[in-house]
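Trainee: There's a structure below that I have some questions on.
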Amino acid sequence: MADTPPAPAVSSRPERIVFRSPVTEARPVRLLLIGISVAVLGLFLVLPLVSVFVQAVNLGLGPALATFSDPEAVSAIWLTLLVAAIAVPCNLVFGIAAAWAIAKYRFPGRTFLVSLIDLPFSVSPVVAGLVYVLLFGPFTPLGAWLLADFGVRIIFAVPGVVMATIFVTFPFIARELIPLMQDQGTGDEEAALSLGASGWQTFWRVTLPNVKWALLYGVLLCNARAMGEFGAVAVISGKLRGETVTVPLQIELFYQEFRALAQVSAFSLAAILAGLALVTLVIKSWLEWRYADQLAATRKH
Amino acid sequence: MDVRVANVRKEFDRFPALHEVSLDIRSGELIALLGPSGSGKTTLLRLIAGLESPTSGAIYFGDEDASHKSVQERNVGFVFQSYALFRNMTILENISFGLKVRPRAIRPPAAEIRRRALELLDLVQLTGLEKRFPNQLSGGQRQRVALARALAIEPRVLLLDEPFGALDAQVRRELRKWLREIHDKTGHTTVFVTHDQEEALELADRLVVMSQGRIEQVGNPDDVYDRPANPFVFGFIGESSTLPVEVSNGELWIGGRAIGIPAPGADSSPAQLYFRPHDVELVEDGAALAGVVAASRRVGGTRRVELEIGGQKDRVEIDLPFDHPAGMKTRIAFRPKRWRLFPGATA
């Protein structure tokens, strides 16, 4: 082993001198570190994930699949898809606009805007939901005005759920694009403009293709969060069954029913979310492996 | 296309990058903007391109005031130091980009665009590489693609911003010769920015020497090298040595000794003597500059020695034949063959 002291020069036994890189550790240390990581990951991540799927088929595949004919579950799935279908494009547009402004221009308040974009990461989702309740609730001036004059309900209705979701998924796309766009600078855009391209042509043919993989990466993370958000949505939705309940909320409702069949339904829906997470993970890893150079240099998630 | 820069001033956040610069660029000439970093040469180039707008003053393309035209309307070919090739497009797509984005009414048919792009690829000697992507080419090849892309739009003026700045010395020399050939073949009015005086002297018809946002001198390479207008140009272009001298009785004095250099017309005052290290003759007798060797090193085919002159221990560099027997502390007397005198106590 590499740790043994060097043999004296006169030794008859030929000592094999093993070169060890100065930045690596001895084998027992390496095994210990790897072991700790694997054990923690297994205990905290893999085991719960497996148990979700196991619990879902606890009473057999039939009851598990029966969940998806339950009107409440179906409504929750549709609502989740609807919310993601609105929130992700909204944040796509916002993310590109914000990243463009921050990366390509110098203006007063630029650094403040960067910090502001990160706000949803640091604010508790419950607070995120609560601020909308305080802002648009039926007894606030704004909420009362919207309700009375337009008949629009924000709180305890789908618009509120969408708004809360947009809030918590705000940073994902912008945060992916900003470092990459800053890194790329404005050289390509200037080249395109000097060749006679209009601003619109430059955006579609040069700027967007340059960030397309980072954009897809951001959309992926944004979507996963939009479909999985619980806290903010829980506060604002009022949990009206079949109306404002998304999949994560429905899971909790099922879980609290203490019927064996409801338990299975809870885990079946959870399995859907977990499956979504796994698919996201696979695509994300593939993107990172295939297009590492075209994603942002700094990883923050 | 003549380009005229008239009293252009440019400020960035009230910091002046260019002070009242005027310059006439003649149709078909290859002109170099030369200066140290921060001299405003790139700013001037970007102002001509329309990538910046002047704080005051105007830029004329021919007789037409282009100051308020956008970069698209000016129809200039711009080549960037960082190439700025579109990484998601093939070489052919890069070169055809400028033609493809034209409004339908003035866009050539697809077959014609392809033919022209391939023709330009031939011109820049990259035939057969049209399907490659930029990251599959070397730096020198990328810069040639960038030039072909700029030429594709049939620009009125070709502008190059330190085009060879990111390349190694060998490739730079090759591309320099090649750019001259392309220019002679196509006859575009070409302005290029460089901080490499060798490049500017070798390549350009005329040089614009800039410093701190001002033009110091405009002239052909011979003018600028042999007749520098001021101490900055003398010091910036080529090798130079300088010594503080006194002007008295129509000749130059150092430390109370005449050094055998006449100064007709100049009255009694301190001045700076400038000369080229290689442009000196060694003398045996008579009034001359004399000093002892303080350092010596081999530079190419000659030996460059540092001499300590007179009591002030001012140091100057001169070139000796490489087989000159001078060693440390050897006394050497010389006279510059050509020199310039600029008034003032210090450079």
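The values are calculated or read from the model by the stated rules, or taken from the named source; none is laboratory data. Keep in mind that what you see is a predicted model, and the values were worked out from it rather than measured. Don't worry about glycine lacking a Cβ; one is built from the backbone with ideal geometry, like all the others, and counts go over all protein chains shown.
Trainee: What is the residue count in region A:185-241 for residues that are within 14 Å of another protein chain (Cβ to nearest Cβ) and under 30 Å from A:Q256 (Cα atoms)?
Mentor: Number satisfying all stated conditions: 0.
Trainee: Sticking with this one: Condition first: of a type in the set (A, V, I, L, M, F, W, C) and touching a Phe, Trp or Tyr at 6+ places or on another chain (Cβ under 6 Å). Now tell me which residues in region A:235-251 satisfy that.
Mentor: Scanning region A:235-251 gives a single hit, A:I236.
Trainee: Within region B:294-347, which residues are aromatic (F, W, Y) and farther than 15 Å from B:L282 by Cβ?
Mentor: B:W339, B:F342
Trainee: May I pose another question? Out of the residues in region B:88-99 that are assigned to a loop (DSSP other than H, G, I, E, B) and more than 7 Å from chain A (Cβ to nearest Cβ), state the one that is farthest from A:L195 (Cα to Cα).
Mentor: B:T90
Trainee: A further question follows. With region A:90-170 as the region, which helices (runs of 4 or more DSSP H) entirely inside it contain at least 2 residues that are touching a Leu at 6+ places or on another chain (Cβ under 8 Å) and free of Cβ contacts under 8 Å to residues at least 24 places away in the same chain?
Mentor: Per the criteria, A:141-145.
Trainee: For B:L207, indicate whether it is buried (at least 20 other Cβ atoms within 10 Å of the Cβ) and closer than 16 Å to B:I31 by Cα.
Mentor: Spelling it out, B:L207 is indeed buried (at least 20 other Cβ atoms within 10 Å of the Cβ) and closer than 16 Å to B:I31 by Cα.
Trainee: A follow-up question, please. Go through region B:310-333 and report how many residues are at pLDDT 85 or above and crowded, with 16+ Cβ neighbours inside 10 Å.
Mentor: Residues meeting the conditions: 7.
Trainee: Follow-up. Do the conditions hold for A:L180, that is, is it within 28 Å of A:S285 (Cα to Cα), surrounded by 18 or more Cβ atoms within 10 Å (Cβ to Cβ), within 14 Å of chain B (Cβ to nearest Cβ) and not polar (S, T, N, Q)?
Mentor: Spelling it out, A:L180 is indeed within 28 Å of A:S285 (Cα to Cα), surrounded by 18 or more Cβ atoms within 10 Å (Cβ to Cβ), within 14 Å of chain B (Cβ to nearest Cβ) and not polar (S, T, N, Q).
Trainee: Given (1) within 14 Å of chain A (Cβ to nearest Cβ); (2) in a loop (DSSP other than H, G, I, E, B), identify the lone condition not met by B:A117.
Mentor: Only one criterion is unmet by B:A117, namely (2).
Trainee: On the given criteria, is B:I215 modelled with pLDDT under 90, on the phi < 0 side of the Ramachandran plot and not small (G, A, S)?
Mentor: So B:I215 does not fit the description; no.
Trainee: Considering every residue within region A:254-268, establish whether at least one is under 30 Å from A:A73 (Cα atoms) and of a type in the set (D, E, K, R).
Mentor: yes
Trainee: List every residue pair whose Cβ atoms sit under 6 Å apart, with the two residues 6 or more apart in sequence or on different chains, where the first one lies in region B:304-323 and is assigned by TED's automatic domain parsing to the domain that holds B:W339 and closer than 19 Å to B:G255 by Cα and the second, anywhere, is at pLDDT 85 or above and in a loop (DSSP other than H, G, I, E, B).
Mentor: B:E317/B:P277
Trainee: Still on this model: Within region A:96-115, identify whether any single residue is surrounded by fewer than 14 Cβ atoms within 10 Å (Cβ to Cβ), under 14 Å from A:I166 (Cα atoms) and within 24 Å of the chain's Cα centre (by Cα), and answer yes or no.
Mentor: Within region A:96-115 (the criterion being surrounded by fewer than 14 Cβ atoms within 10 Å (Cβ to Cβ), under 14 Å from A:I166 (Cα atoms) and within 24 Å of the chain's Cα centre (by Cα)), the answer is no, since none of the residues qualifies.
Trainee: Here is a follow-up. Tell me which of these B:A105 doesn't satisfy, since it passes every other one: (1) assigned to a helix (DSSP H, G or I); (2) within 14 Å of another protein chain (Cβ to nearest Cβ); (3) buried (at least 19 other Cβ atoms within 10 Å of the Cβ).
Mentor: In the conditions (1) assigned to a helix (DSSP H, G or I); (2) within 14 Å of another protein chain (Cβ to nearest Cβ); (3) buried (at least 19 other Cβ atoms within 10 Å of the Cβ), B:A105 misses (3) alone.
Trainee: If you don't mind, another one. Going residue by residue through region B:121-131, is there one that turns out to be in the same structural domain as B:K100 (by TED's automatic domain parsing), under 22 Å from B:R46 (Cα atoms), among the polar types (S, T, N, Q) and touching a residue at least 40 places away in the same chain (Cβ under 8 Å)?
Mentor: Among the residues of region B:121-131, not one is in the same structural domain as B:K100 (by TED's automatic domain parsing), under 22 Å from B:R46 (Cα atoms), among the polar types (S, T, N, Q) and touching a residue at least 40 places away in the same chain (Cβ under 8 Å), which makes the answer no.
Trainee: Same structure again: What do you reckon, is B:F78 within 14 Å of another protein chain (Cβ to nearest Cβ), in contact with a Lys or Arg (Cβ under 9 Å, 6 or more places away or on another chain) and surrounded by 15 or more Cβ atoms within 10 Å (Cβ to Cβ)?
Mentor: The answer is yes for B:F78.
Trainee: How about region B:287-347: which strands (runs of 3 or more DSSP E) wholly inside it have at least 3 residues that are over 26 Å from the mean Cα position of the chain (by Cα) and over 19 Å from B:G260 (Cα atoms)?
Mentor: Here the list reads B:289-299, B:302-309.
Trainee: So, one more: Quick one: in region B:30-54, which of the residues that are outside any helix (DSSP H, G or I) and out of contact with any strand residue (DSSP E or B) (no Cβ under 6 Å at 6 or more places or on another chain) is nearest to the other protein chains (Cβ to nearest Cβ)?
Mentor: The selected residue is B:L51.
Trainee: Something else about it: If I ask for residues that are crowded, with 24+ Cβ neighbours inside 10 Å and touching a residue at least 24 places away in the same chain (Cβ under 8 Å), which ones from region B:210-225 would you list?
Mentor: Of everything in region B:210-225, just one residue is crowded, with 24+ Cβ neighbours inside 10 Å and touching a residue at least 24 places away in the same chain (Cβ under 8 Å), namely B:M210.
Trainee: Another question about this same structure. Evaluate the following for B:G35: is it within 14 Å of B:I215 (Cα to Cα) and touching a Phe, Trp or Tyr at 6+ places or on another chain (Cβ under 8 Å)?
Mentor: When the stated conditions are applied, B:G35 passes them.
Trainee: I've got another one for you. For region B:58-69, check the following and say yes or no: at least one residue is touching a residue at least 24 places away in the same chain (Cβ under 8 Å), crowded, with 21+ Cβ neighbours inside 10 Å and either over 29 Å from B:D184 (Cα atoms) or within 12 Å of chain A (Cβ to nearest Cβ) (or both).
Mentor: no
Trainee: Follow-up. Please go through region A:69-89 and give me each residue that is without any contact (Cβ under 8 Å) to a residue 24 or more places away in the chain and more than 17 Å from the chain's Cα centre (by Cα), ordered by number.
Mentor: Once the filter is applied, which keeps residues that are without any contact (Cβ under 8 Å) to a residue 24 or more places away in the chain and more than 17 Å from the chain's Cα centre (by Cα), region A:69-89 yields A:S69, A:V74, A:W78.
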